[in-house]
Amino acid sequence: MSDIRNTKVLIIGSGPAGYTAAVYASRAMLEPILVQGMEPGGQLTTTTDVENWPGETEIQGPDLMINMEAHAKAVGTEIIGDLITDLDLSERPFTATGDSGMIYKADAVILATGARAKWLGLDSEEKFKGFGVSACATCDGFFYRGQEIIVIGGGNTAVEEALFLTNFASKVTLIHRRDELRAEKILIDRLMKNEKIEPLWDHVLEEVVGDEDPLGVTGVRVKHVTTGEITEIPAKGVFVAIGHAPANELVKDVLETHMGGYVVTKPDSTATSIPGVFAAGDLTDYKYRQAVTSAGMGCMAALEAEHFLAEQE
């Protein structure tokens, strides 16, 4: 028989939104339980230098998340390494089922499941995932010392990945479907000044090519968006950096969503379409997608959950 845990507030997710919600909920004496999910710490654990977190001129993403987890624990949050696989929001108390078999009963739920990397959807991309194709430069960049690498994308993620990969690669080719980048100006400036990076404008990835035995990438075929001309570029690694999609699997059929699956919250609030359910961070934020805004929403969610529970009493 499954174990059952009861809590006033269940926090699902462990990025800046989840941990900040945990700190505020704990300080409100709500004794929250936080379930970390598949990737404790979220996207920041796959980030290198964080230079825009207030109070830290520069900090490594994983270190920032370790600090936030420690803070949440220190104020009394119970943090559980489990993955929520099912969430029943049809009645209160809400019921969440963990991959471990644990059942969590909660009077209020804060959703902070974040977002995950998008993929292009190519068969060849899928074939070589983990064998030369990656969406995480900080995870896999080390394996490409002295090699030529491809980065796909044109936003902050792509530029940051390309810059980071110059620590290892002999050359980084940044392939973008437009003729200008969408990243912050400071990042574009760094990229353009880096002699190891060569942008390839107006091209899209057609196919990843490689060896069969052992499985491994040897290059890519790219297509010019106007002429249709195909070009082959040798490379040992391909990093897909085209953004992220909200991790909404638990709630996409029960909560109102928009803008490609982001959970809708009420104006100036983290309240969702179901009373007692709050959403914070990249699950709901399609516009800013910053660690600091996620943390701010985590604070809001905890304060709103506290107010909601007080009203129920």
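The values are calculated or read from the model by the stated rules, or taken from the named source; none is laboratory data. If you're wondering where the values come from, they're calculated on a predicted model, not measured in any experiment. All Cβ positions, even for glycine, are placed from backbone atoms using ideal geometry, and neighbour counts span all protein chains on display.
Restricting to segment 138-154, and then to whatever is assigned to a loop (DSSP other than H, G, I, E, B) and within 18 Å of the chain's Cα centre (by Cα), can you tell me which residue is nearest to Val209 (Cα to Cα)?
First, the residues of segment 138-154 that are assigned to a loop (DSSP other than H, G, I, E, B): 145-147, 153-154.
Subsequent filtering for residues that are within 18 Å of the chain's Cα centre (by Cα) retains 153-154.
On the way: Gly153: 19, Gly154: 22 Å.
Of everything passing the filter in segment 138-154, Gly153 is nearest to Val209 (Cα to Cα).
Within segment 101-122, take every residue that is surrounded by 21 or more Cβ atoms within 10 Å (Cβ to Cβ) and closer than 25 Å to Gln60 by Cβ and give me the one that is nearest to the chain's Cα centre (by Cα).
First, pick out the residues of segment 101-122 that are surrounded by 21 or more Cβ atoms within 10 Å (Cβ to Cβ): 104, 106, 108-115.
Still in the list and also closer than 25 Å to Gln60 by Cβ: 112-115.
Details: Ala112: 11, Thr113: 9, Gly114: 6, Ala115: 4 Å.
So the residue we want is Ala115.
Pull up segment 123-152, narrow it to residues that are within 28 Å of Tyr262 (Cα to Cα) and in contact with a strand residue (DSSP E or B) (Cβ under 7 Å, 6 or more places away or on another chain), then point me to the one that is surrounded by the fewest Cβ atoms within 10 Å (Cβ to Cβ).
Applying the filter and picking the extreme gives Glu125.
Condition check ((1) on the phi < 0 side of the Ramachandran plot; (2) more than 19 Å from the chain's Cα centre (by Cα); (3) among the β-branched types (Val, Ile, Thr)) across all residues:
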{"position": "Gly18", "(1), (2), (3)": "yes, no, no"}
{"position": "Ala21", "(1), (2), (3)": "yes, no, no"}
{"position": "Ala28", "(1), (2), (3)": "yes, yes, no"}
{"position": "Pro32", "(1), (2), (3)": "yes, yes, no"}
{"position": "Glu39", "(1), (2), (3)": "yes, no, no"}
{"position": "Val50", "(1), (2), (3)": "yes, no, yes"}
{"position": "Met65", "(1), (2), (3)": "yes, no, no"}
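Quickly run through segment 29-74 and pick out the residues that are of a type in the set (Gly, Ala, Ser), free of Cβ contacts under 8 Å to residues at least 40 places away in the same chain, part of a loop (DSSP other than H, G, I, E, B) and within 20 Å of Leu10 (Cα to Cα). Spell out how you get there, then give the answer.
Of the residues in segment 29-74, the ones of a type in the set (Gly, Ala, Ser) are 37, 41-42, 55, 61, 70, 72, 74.
Then keep just the ones that are free of Cβ contacts under 8 Å to residues at least 40 places away in the same chain; that gives 41, 55, 70, 74.
Now narrow it down to the ones that are part of a loop (DSSP other than H, G, I, E, B): 41, 55.
If the condition is that a residue be of a type in the set (Gly, Ala, Ser), free of Cβ contacts under 8 Å to residues at least 40 places away in the same chain, part of a loop (DSSP other than H, G, I, E, B) and within 20 Å of Leu10 (Cα to Cα), then Gly41 is the only one that fits.
Do the conditions hold for Asp285, that is, is it under 19 Å from Gly41 (Cα atoms), without any contact (Cβ under 8 Å) to a residue 40 or more places away in the chain and assigned to a loop (DSSP other than H, G, I, E, B)?
Details: under 19 Å from Gly41 (Cα atoms): yes; without any contact (Cβ under 8 Å) to a residue 40 or more places away in the chain: yes; assigned to a loop (DSSP other than H, G, I, E, B): yes.
Yes: the conditions hold for Asp285.
Mind listing just one residue for me: the one in segment 179-202 that is aliphatic (A, V, I, L, M) and within 16 Å of Val225 (Cβ to Cβ) and, of those, surrounded by the fewest Cβ atoms within 10 Å (Cβ to Cβ)? Let's see the steps before the verdict.
Pass one, segment 179-202, residues aliphatic (A, V, I, L, M): 181, 183, 186-188, 191-192, 197, 200.
Okay, now just the ones that are also within 16 Å of Val225 (Cβ to Cβ), so 181, 200.
Working: Leu181: 21, Leu200: 14.
Here the residue is Leu200.
Name the residue that is surrounded by the most Cβ atoms within 10 Å (Cβ to Cβ), counting only residues in segment 268-294 that are over 24 Å from Phe94 (Cα atoms) and not charged (D, E, K, R).
Ala291
Which residue, of Leu250, Leu205, is assigned by TED's automatic domain parsing to the domain that holds Ala135, surrounded by 15 or more Cβ atoms within 10 Å (Cβ to Cβ) and aliphatic (A, V, I, L, M)?
Details: Leu250 fails: assigned by TED's automatic domain parsing to the domain that holds Ala135.
Result: Leu205 is the single residue among Leu250, Leu205 that is assigned by TED's automatic domain parsing to the domain that holds Ala135, surrounded by 15 or more Cβ atoms within 10 Å (Cβ to Cβ) and aliphatic (A, V, I, L, M).
So which residues in segment 97-121 are closer than 18 Å to Thr270 by Cβ and modelled with pLDDT of 95 or more, if there are any at all?
Of segment 97-121, the ones closer than 18 Å to Thr270 by Cβ are 106-115.
Within segment 97-121, Ala106, Asp107, Ala108, Val109, Ile110, Leu111, Ala112, Thr113, Gly114 qualify.
Being crowded, with 17+ Cβ neighbours inside 10 Å and assigned to a loop (DSSP other than H, G, I, E, B) is the filter here, so list the residues in segment 75-92 that pass it.
Residues satisfying the conditions are Thr77, Asp82, Leu89.
Any idea which of His176, His224 is surrounded by 17 or more Cβ atoms within 10 Å (Cβ to Cβ), outside the structural domain of Cys299 (by TED's automatic domain parsing) and without any contact (Cβ under 8 Å) to a residue 60 or more places away in the chain? Show your work before the answer.
Values: His224 fails: surrounded by 17 or more Cβ atoms within 10 Å (Cβ to Cβ).
Of the residues listed, the single one that is surrounded by 17 or more Cβ atoms within 10 Å (Cβ to Cβ), outside the structural domain of Cys299 (by TED's automatic domain parsing) and without any contact (Cβ under 8 Å) to a residue 60 or more places away in the chain is His176.
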